[in-house]
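To keep things clear, I will list the structure first and then write my remarks on it.
The values are calculated or read from the model by the stated rules, or taken from the named source; none is laboratory data. A quick note: this is a predicted structure, and the numbers were derived from the prediction, not measured. Heads up, the Cβs are rebuilt from the backbone with ideal geometry, glycines too, and the neighbour counts pull from every protein chain shown.
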Amino acid sequence: MAKNIDQLQQEALQKATQEVTRRYFFKDCLTGMGAMALGNFLGGCNWLGGKEEAFPLDTSNPFMPRSPHFLGKAKSVIYLHMAGAPSQLEMFDYKPELQKLDGLDCPQSLLEGKKFAFIRGVPKMLGPQVAFNQYGESGHWISDHLPHLASVADELSFLKGVQTDQFNHGPAQLLMHTGVPRLGRPSIGAWATYGLGSENSNLPGFVVLTSGGHFPDAGKSVWGSGFLPSVYQGVQCRSEGDPVLFLQDPQGMDRDLRRASIDAINQANQQTYTTFKDPEIVSRIAQYEMAYRMQMSVPEVMDIHNEPAYIHEMYGSKPGIASFANNVLLARKLVEKGVRFVQLFDWGWDSHGTDPNTALDYGFINKCRTIDKPITALLLDLKQRGLLEETLVVWGGEFGRTPMQENRDGKLNPFKGRDHHPEAFTMWMAGGGIKRGGSFGETDEIGYSAISGKVTAHDIQATILHQLGFDHEKLTYNFQGRPFRLTDVNGTVINEIIS
Amino acid sequence: MPDIDWLLLIGHFHPLLVHLPVGILMWAIVLQWVSKLPAFSSVSGAIPATYLVGALMAILSCISGWVLSTTATYPADTLNLHKWLGIAVAVIAINQYIVYHQQWQRLKAPVSVLLLCLLMIAGHFGGTLTHGEGYLTQSLGISPAAATIVKKNIPNIQEALVYEDVVKPVLEQKCYSCHASLKQKGGLRLDSQEWLLKGGEDGVVLRPGNLMGSELYKRIIMDPLEEKHMPPKGKLQLTDAESRMINWWISSGASFHAKAKDIAQTEQIKKLLTSFQGDVVVEEDVLPAEAVDPAPANAIQKLQQLGVAIYPVSKGSNYLAVNFVAFTEVDKNMLALLGSISKQVLWLKMPGIKVDDAVIKAIASCVHLRRLSIEHTGITDTQLAVFNQLTSLRYLNIIDTKISIGGLQKLDQLKQLRQLYLYHTMVLQSDVPKIRQYFPGITADIGDYRVETLVTDTQVLRVGG
């Protein structure tokens, strides 16, 4: 019996040594060690190489200003989107040859294999509905619908060969602003504020202003934050009434009481944070604080009553109403106050010719008149304030319009209008390190398709990010297990229009 | 019967032979490990023989490899590693056969793992020798060779050296991996003027002025399916613009010292050239050449906590941009903090700030300041004069202040000043010629632009008038 116990003890001791001795360690772990050594070795080869460290994010202060990849020329962006797609053929893309074909049947070669949103059968060609002239040292062709803008032609750099693969408003707008023609991706303003933060801790970094009576067809997703933290979505401000809805204290609540309640909420949140250490709670506290500061600063910056009369005269703005001109003036004020990205959407450019409002010889001209003076004023005002060189102004729609007159369902429309056209349209950029008086890209003789200098939404996005100091391939956000970027797998910076 | 170079023939068999030991030995290892499963125990009889065949093939590979190494030039370091690792594989494989023969049970597993590791590492270096450094990783888009090439910043392509700034970077990126110091395939090096002109085993590759006599160009534009096409299949090819640049350079006499503007250019070449112009912002124009120590981190942090926008002007730079746009007043505490980072401040914005002498003094202490915005303030001519010591200043924004031409006159040390914004000051349009005299090359903007109101601006067109 005693011997048995001895044996058992001996055995237990041996078992124990197996756990600790070097001999057994090596015997048991050899395969693992080999694999580790191999892993280390391959790691030394820099397999996944140059690991770009993720953009560190301070959740307690998501708008803290941060450095871009390199020195960017632009500090802010004002993006003027003409929702509905303005006709390049009546604004910037002068096609005298098209005039000669006016009223003739569209050649079959232009229709074969093509699909249009509304054109059916054989449409007629439609010449330019306005006269053009050349302006400035740059010799840009600008139509008579834009007499003011023509006077600052030399500030602009045109992109005349912009193309898209979407011919419906919603998807095309999403592609232009989020890089993908479907819902769910962050918009370019969200990417910019995610990358750069905001210079003014009292104001949102990304502000959206709409005019024209409707939201863009793609809805609020064109200024959404997608999978980026939601603080980066565009804050929609209004030029009449309360600039930001639900920001003002309700009647009977004074600012001290508001402060006290926020303090109490913050305290409770702080306690929860000490228990759970969830950074989202810090983020929530920061958002309460920011909302409190915005209650004071947003109404102030959004108030255009205090602007002098000659400024209103310059922009054609009128306090108290909702208009594109007011929004443009606000954009200048916001940029002056350090807002990073101001996005304007002006609805009403869908010139099909189905009614007077969408007729190239009525509604379209009225639209041109509402933007001509304000945009010209914006460029000059930014310039005299020393802000144009650090503010990138981008103008464009979501696609172009056909050189043919629209014949909805095969019947000629009652007014002169053009159908959606993804194959060629014009955009322009100014300020923010863009070449003065530049032009890139050409369309064929009738403006049907781009023949050189073709650029896409991704190229434009890459260029905007480049001007802000970002390599668009490196501004990424990890989501669902992989890094995402605005330009997906595409995008080339358009060096031709960069000064 | 032609002479057969037997050595070369044996050597050239190496790339074929090496795959045999790799495959056979791997299979032996697989068999060894699977045989442990009861269902596959029957395969164990085949293991020793497989190891033996693998070992013999490894020996043959070693011999042919050694022969090959004597007939061609490879980077010595990698070659050495590959050689010894290859020999080790052969030795260990024989060893494993002996282990099996002698039934040394405890050694079987460790030796097989060792063999596997050696096989992979030796194979990897073999691959590096034939395909070049980074072949494996280039598919991941992070080829170390390409990553280290920093695109040179060319502010004005017409002033750039055609060989140094345009041609060489292309060769560097697309050709050096096989034709430079590391490797000289075909005995050809392309990494200097001498080597380029000397040519390779098959003769001269570059004949200045004679495009079609220059093998260098012919190989590039050759049908990519041809065996002689360069860079070889699978390697990064030259872009159309790049090959056209090489065309232009060779046909214009392949000068190694000429500037772009000295060589005749067609419209097309001119356009192409601009695409080689730096796509990087001209940093030396904005960033001081001299380095500066990092600013004290706690000062930056405190300013950030107060709500001041403060950040490095670009990633990795110690120079700072500071923006007080959220404030109307800068208190003593902030000024003290600003003082502690004064050397690093490159851009400063203080729009609408209440200006007193303490503020002016703090700004004036920022010796490297390039851009200063102090618009919408009560700054006086006398206070402005203090900034005369900010000799690096390039941009000064004093719109909406009481500054007069007299104040500007006192800034005679600001030789670098290029942009001056004077909208809504006491400075008049008629002062501009004088300002141009004080600051040569300056853009002085008095502003006060108007956009006249046309009748049509507010007219709304309606059908039927």
| request: Only residues that are surrounded by 13 or more Cβ atoms within 10 Å (Cβ to Cβ) and over 27 Å from B:ILE98 (Cα atoms): list them for the stretch B:8-43, please. | output: B:LEU8, B:ILE10, B:GLY11, B:HIS12, B:PHE13, B:PRO15
| Residues of the stretch A:72-101 satisfying the condition of being within 14 Å of chain B (Cβ to nearest Cβ) and under 20 Å from the mean Cα position of the chain (by Cα) | A:GLY72, A:LYS73, A:ALA74, A:LYS75, A:SER76
| Residue check, A:SER201 against (1) surrounded by fewer than 24 Cβ atoms within 10 Å (Cβ to Cβ); (2) part of a loop (DSSP other than H, G, I, E, B), all met but one. Which one? | (1)
| remark: Residues of the stretch B:420-447 being closer than 13 Å to A:GLN384 by Cβ and either aromatic (Phe, Trp, Tyr) or at the interface with another protein chain (Cβ under 7 Å from one of its Cβ atoms) (or both), in sequence order, are B:TYR421, B:TYR423, B:ASP445, B:GLY447
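If I go through the stretch A:353-368 residue by residue, how many of them are outside any helix (DSSP H, G or I) and not aliphatic (A, V, I, L, M)?
Of the residues in the stretch A:353-368, the ones outside any helix (DSSP H, G or I) are A:353-355, A:359-362.
Okay, now just the ones that are also not aliphatic (A, V, I, L, M), so A:353-355, A:361-362.
Going through the stretch A:353-368 one residue at a time, the tally reaches 5.
How do the strands (runs of 3 or more DSSP E) wholly within the stretch A:447-499 filter down when requiring 2 or more residues that are in contact with a Cys (Cβ under 9 Å, 6 or more places away or on another chain): which remain? Explain how you work it out, then say what you get.
On the way: elements: A:450-452, A:476-479, A:482-485.
Result: empty, no element qualifies.
With the structure loaded, tell me whether A:GLY226 is surrounded by fewer than 21 Cβ atoms within 10 Å (Cβ to Cβ) and modelled with pLDDT of 90 or more or whether it fails that test. Talk me through it step by step, then tell me what you get.
Working: surrounded by fewer than 21 Cβ atoms within 10 Å (Cβ to Cβ): no; modelled with pLDDT of 90 or more: yes.
The answer is no for A:GLY226.
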| Close pairs from the stretch B:267-295: first in a loop (DSSP other than H, G, I, E, B), partner at pLDDT below 55, Cβ under 7 Å, at least 6 apart | B:VAL280/B:LYS151
| Out of all the residues in the stretch A:93-121, which are in contact with a Lys or Arg (Cβ under 7 Å, 6 or more places away or on another chain) and surrounded by fewer than 16 Cβ atoms within 10 Å (Cβ to Cβ)? | A:GLY103, A:LEU104, A:ASP105
| query | What are the pairs, 6+ residues apart or on separate chains, where a residue within the stretch B:1-29 that is more than 13 Å from B:SER61 (Cα to Cα) has its Cβ under 6 Å from a residue that is at pLDDT below 85 and surrounded by fewer than 19 Cβ atoms within 10 Å (Cβ to Cβ)? | reply | B:LEU8/B:THR71
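Tell me, which residue of the stretch B:228-253 that is not in a loop (DSSP other than H, G, I, E, B) and not hydrophobic (A, V, I, L, M, F, W, C) is nearest to B:ARG207 (Cα to Cα)?
Filtering first and then ranking leaves B:SER251.
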| remark: Quick count over the stretch A:242-260, residues being free of Cβ contacts under 8 Å to residues at least 12 places away in the same chain, of a type in the set (A, V, I, L, M) and part of a loop (DSSP other than H, G, I, E, B), is 2
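Going through B:ILE435, B:ILE403 one at a time, which residue ends up being among the β-branched types (Val, Ile, Thr), within 46 Å of the chain's Cα centre (by Cα) and more than 18 Å from B:LEU348 (Cβ to Cβ)?
On inspection, the qualifying residue turns out to be B:ILE435.
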| message | Given the condition touching a residue at least 40 places away in the same chain (Cβ under 8 Å), out of contact with any strand residue (DSSP E or B) (no Cβ under 7 Å at 6 or more places or on another chain) and over 30 Å from A:GLN173 (Cβ atoms), answer yes or no: does some residue in the stretch A:228-241 qualify? | response | no
| task | Among what's in the stretch A:332-380 and is of a type in the set (Asp, Glu) and within 18 Å of A:LEU209 (Cα to Cα), pick the residue that is farthest from the other protein chains (Cβ to nearest Cβ). | result | A:ASP346
| note | Out of (1) surrounded by 13 or more Cβ atoms within 10 Å (Cβ to Cβ); (2) on the phi > 0 side of the Ramachandran plot, the one A:GLY252 does not meet is (1)
| note | In the stretch B:313-335, residues that are facing chain A (nearest Cβ under 9 Å) and free of Cβ contacts under 8 Å to residues at least 24 places away in the same chain total 3
| task | Could you run through the stretch B:174-199 and say how many residues are surrounded by 18 or more Cβ atoms within 10 Å (Cβ to Cβ) and among the small types (Gly, Ala, Ser)? | result | 2
| Restricting the stretch A:135-187 to residues that are over 16 Å from the mean Cα position of the chain (by Cα) and free of Cβ contacts under 8 Å to residues at least 40 places away in the same chain, which is surrounded by the fewest Cβ atoms within 10 Å (Cβ to Cβ)? | A:GLY139
| List pairs: first in the stretch A:11-32 and away from chain B (no Cβ under 14 Å), second surrounded by 10 or more Cβ atoms within 10 Å (Cβ to Cβ) and at pLDDT below 75, Cβ under 8 Å, 6+ apart or cross-chain? | A:THR17/A:TYR24; A:GLN18/A:TYR24
| message | Scan the stretch A:396-413 and tell me whether some residue there is more than 14 Å from every other protein chain (Cβ to nearest Cβ), closer than 17 Å to A:VAL342 by Cα and surrounded by 24 or more Cβ atoms within 10 Å (Cβ to Cβ). | response | yes
| Matching option when the condition is buried (at least 19 other Cβ atoms within 10 Å of the Cβ), closer than 22 Å to A:VAL335 by Cα and either away from chain A (no Cβ under 11 Å) or in contact with a helix residue (DSSP H, G or I) (Cβ under 9 Å, 6 or more places away or on another chain) (or both), among B:ILE403, B:ILE310, B:ILE379, B:ILE360 | B:ILE310
| task | Could you list all residues from the stretch A:298-315 that are buried (at least 16 other Cβ atoms within 10 Å of the Cβ), within 26 Å of the chain's Cα centre (by Cα) and within 13 Å of chain B (Cβ to nearest Cβ)? | result | A:VAL298, A:VAL301, A:TYR315
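For (1) on the phi < 0 side of the Ramachandran plot; (2) in contact with an Asp or Glu (Cβ under 9 Å, 6 or more places away or on another chain), each residue gets a yes or a no:
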site: A:MET429; (1), (2): yes, no
site: A:GLY433; (1), (2): no, yes
site: A:ALA450; (1), (2): yes, yes
site: A:PRO483; (1), (2): yes, yes
site: A:LEU486; (1), (2): yes, no
site: A:ILE497; (1), (2): yes, no
| said: Please determine whether any residue of the stretch B:451-464 is farther than 21 Å from A:SER323 by Cβ, within 11 Å of chain A (Cβ to nearest Cβ) and either touching a residue at least 12 places away in the same chain (Cβ under 8 Å) or among the small types (Gly, Ala, Ser) (or both). | reply: yes
| message | Can you tell me how many residues within the stretch B:318-340 are surrounded by fewer than 20 Cβ atoms within 10 Å (Cβ to Cβ) and outside any helix (DSSP H, G or I)? | response | 5
| remark: Scanning the stretch A:211-227 for residues that are free of Cβ contacts under 8 Å to residues at least 60 places away in the same chain and assigned to a helix (DSSP H, G or I), the one farthest from A:SER198 (Cα to Cα) turns out to be A:GLY219
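With the condition kept exactly as written, say whether any residue in the stretch A:295-306 is part of a helix (DSSP H, G or I) and either of a type in the set (Gly, Ala, Ser) or in contact with a helix residue (DSSP H, G or I) (Cβ under 6 Å, 6 or more places away or on another chain) (or both). Break it down into steps so the answer makes sense when it comes.
Restricting attention to the stretch A:295-306, the residues satisfying the condition of being part of a helix (DSSP H, G or I) are A:295-301.
Remaining after also requiring either of a type in the set (Gly, Ala, Ser) or in contact with a helix residue (DSSP H, G or I) (Cβ under 6 Å, 6 or more places away or on another chain) (or both): A:297, A:301.
Yes, because at least one residue in the stretch A:295-306 is part of a helix (DSSP H, G or I) and either of a type in the set (Gly, Ala, Ser) or in contact with a helix residue (DSSP H, G or I) (Cβ under 6 Å, 6 or more places away or on another chain) (or both).
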